[in-house]
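Okay, structure first, notes after.
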Amino acid sequence: MLKRFKKSLRKSQTDVESILWYHLRNRYFQNHKFRRQHMLCGYIVDFVCLEKRLVIELDGGQHNEDGQIKYDSVRTLKLENDGFLVLRFWNNEILTNIEGVLEMIDEVLNGRPLTRRAKNARRPLPQGER
């Protein structure tokens, strides 16, 4: 069942997912292999680099609702317990600051300390996404 759902997510990816995927696909980003809508630890993650154990999640406004925040926290904890680092970005960050998003991903892939908090921190939604 999850396998079919994963396939449908790939076919109907959002515009924001398409933008980030453009930069990550086909080893374009520093020759790292990323997968999209990949099944991992019983969940389907937006993007993952298995080699670096990095998960990237893109969040829309629904991820700021109480039930979704709790679900995301449990999901992230499970992934982290399995050795993955989870980076979360608001959709608005992809649309307005793709360079900054890619820079943060670059920092993680190259083992440099992050210049801003990225790990599972719940940031307030950007203006216009409330």
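Filter the range 52-70 down to residues that are in a helix (DSSP H, G or I) and among the small types (Gly, Ala, Ser) and give me whichever is modelled with the highest pLDDT. Step through it out loud before you land on a result.
Here is the first cut: in the range 52-70, the ones in a helix (DSSP H, G or I) are 61-64, 66-70.
Remaining after also requiring among the small types (Gly, Ala, Ser): 61, 67.
Working: 61: 57, 67: 68.
So, considering only residues that are in a helix (DSSP H, G or I) and among the small types (Gly, Ala, Ser), the one modelled with the highest pLDDT is 67.
For the range 86-130: of the residues being small (Gly, Ala, Ser) and in a loop (DSSP other than H, G, I, E, B), which is modelled with the highest pLDDT? Talk me through it step by step, then tell me what you get.
Of all residues in the range 86-130, those small (Gly, Ala, Ser) come to 100, 111, 118, 121, 128.
Filter again for in a loop (DSSP other than H, G, I, E, B), leaving 111, 118, 121, 128.
Details: 111: 85, 118: 47, 121: 43, 128: 50.
In this case the residue turns out to be 111.
Exactly one condition in (1) part of a helix (DSSP H, G or I); (2) modelled with pLDDT of 95 or more is not met by residue 73; state its number.
Every listed condition holds for residue 73 apart from (2).
Each row is one residue, and each column tells you yes or no for (1) exposed (fewer than 12 other Cβ atoms within 10 Å of the Cβ); (2) under 16 Å from residue 109 (Cα atoms); (3) modelled with pLDDT under 85.
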site	(1), (2), (3)
8	yes, no, yes
15	yes, no, no
31	yes, yes, no
34	no, yes, no
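Need pairs with beta-carbon distance below 6 Å; first residue surrounded by fewer than 16 Cβ atoms within 10 Å (Cβ to Cβ) and within the range 82-100, second of a type outside the set (A, V, I, L, M, F, W, C); sequence gap 6+ or separate chains.
Pairs that qualify, where the first residue is surrounded by fewer than 16 Cβ atoms within 10 Å (Cβ to Cβ) and the partner is of a type outside the set (A, V, I, L, M, F, W, C), are 83/53.
The values are calculated or read from the model by the stated rules, or taken from the named source; none is laboratory data. Remember, predicted model here, so these are calculated numbers, not experimental data. Virtual Cβ from ideal backbone geometry, glycine too; neighbours counted across all protein chains shown.
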